[in-house]
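*Asks:* Just dropping this structure here.
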Amino acid sequence: MKKLISIISIIVLSISMLAQDSTQVSKPKSKLAYNGYIGGMMLHLGYVYHTELPELGGHTVSALTKGIGGTIKIKFGNHLRVGTEGYVSTANILKNGSYVQSGWGGLLIDTPFKFDRWLIFLGATIGGGSFKAVYMFEGNTDDWKPEERAVYRKSSYGMVAPFLGIEYSLTKAISLIFKCDYMIPYGSGRYGVPAGPRAYIGFGFSR
């Protein structure tokens with residue numbers, strides 16, 4: 001997963017440098033000319049659902065999840081940004097030390113609309129990730145006894161995450177960012193993957 005995010009980031013940064021070089025020789029600028037970039041770190045908090053888990057008798061488990069990640073977007077003109085993002089998120093479940101941890105990332109595209117210091121954007125990310133889960137059905141993390149009923153699962157999955165967000169310019173180079181998305185997993189590994197809404201807050205640094 002980390003290798004995938006690294007490769008995507010290198011590709012996006014390469015496109016950024018090529019686009020910046022092309023603007024120096026292309027006159028006049030087109031409506032989709034390179035217009036800088038914005039990148040930063042984001043914290044998130046969400047409410048996720050784990051469905052179709054045979055170990056839990058087919059019941060749905062829901063829990064709060066939290067984590068951290070980052071994003072970078074290249075600006076083309078005034079209403080198109082293309083980039084990548086990646087996050088790690090952890091949800092504690094069953095109230096006994098069981099947890100689900102997922103990491104995901106992908107390519108994104110969004111459309112921004114600027115109003116003075118405010119900027120509203122909407123778009124979607126498509127990519128994938130992996131998750132690992134530990135389910136304990138006896139005992140908890142406070143004892144040292146071997147657990148006879150514990151399950152460890154690990155799987156990869158694809159996902160689509162539509163999002164909507166707001167940026168507020170604190171300075172010409174720094175923005176405060178709020179964003180909400182909804183992760184929708186797909187593929188054969190999607191069962192048991194935490195899916196649901198998340199809210200993000202962070203800072204973006206643009207050029």
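*Asks:* Could you go through the range 35-43 in sequence order and give the Karplus-derived ³J(HN,Hα) for each residue, using 6.51 cos²θ - 1.76 cosθ + 1.60 with θ = phi - 60°, rounded to whole Hz, and x for Gly and Pro?
*Replies:* For the range 35-43, the Karplus-derived couplings read 9, x, 8, 9, x, x, 10, 9, 9 Hz, x marking Gly and Pro.
*Asks:* I want to check the label-to-label distance for residue 45 and residue 95. Put each point 7 Å from Cα in the C-beta direction and report it in nm to one decimal.
*Replies:* A separation of 2.0 nm, rounded to one decimal place.
*Asks:* What does the charge count around residue 172 come to, taking other residues whose C-beta lies under 12 Å from its C-beta (Lys +1, Arg +1, Asp -1, Glu -1)?
*Replies:* +2
*Asks:* Could you give each residue of the range 120-130 its phi-based ³J(HN,Hα) in whole Hz, using Karplus coefficients 6.51, -1.76, 1.60 with θ = phi - 60°, and x for Gly or Pro?
*Replies:* Using θ = phi - 60°, the values come out as 9, 9, 9, x, 7, 10, 10, x, x, x, 9 Hz.
*Asks:* Suppose the chain between residue 184 and residue 160 were pulled fully straight at 0.36 nm per residue; how much longer would it get relative to their current alpha carbon spacing?
*Replies:* Details: separation 24, 0.36 × 24 = 8.64 nm, distance 0.52 nm.
Taking 0.36 nm per residue and subtracting the Cα distance, the gain is 8.1 nm.
*Asks:* Let me ask something additional. Once the whole set of protein chains is in place, how much accessible area is left on residue 49, using a 1.4 Å probe, in Å² to the nearest 10?
*Replies:* 90
*Asks:* Each residue of the range 93-105 in turn: what ³J(HN,Hα) in whole Hz from Karplus with 6.51, -1.76, 1.60 and θ = phi - 60°, glycine and Pro shown as x?
*Replies:* Running phi through 6.51 cos²θ - 1.76 cosθ + 1.60 with θ = phi - 60° gives 10, 6, 6, 9, x, 5, 7, 10, 10, 10, x, 8, x Hz.
*Asks:* Skipping prolines and chain starts, which residues have an amide H placed within reach, meaning under 5 Å, of the one on residue 193, given they are 5 or more residues away or on another chain?
*Replies:* Distant-sequence amide H within range of residue 193: 51.
The values are calculated or read from the model by the stated rules, or taken from the named source; none is laboratory data. All figures in this text were calculated on a predicted structure; none of them were measured in a lab. Don't worry about glycine lacking a Cβ; one is built from the backbone with ideal geometry, like all the others, and counts go over all protein chains shown. Accessible surface is based on the protein model in full, side chains and every heavy atom, while ligands, DNA and RNA are left aside. Shrake-Rupley method; radii C 1.70, N 1.55, O 1.52, S 1.80 Å.
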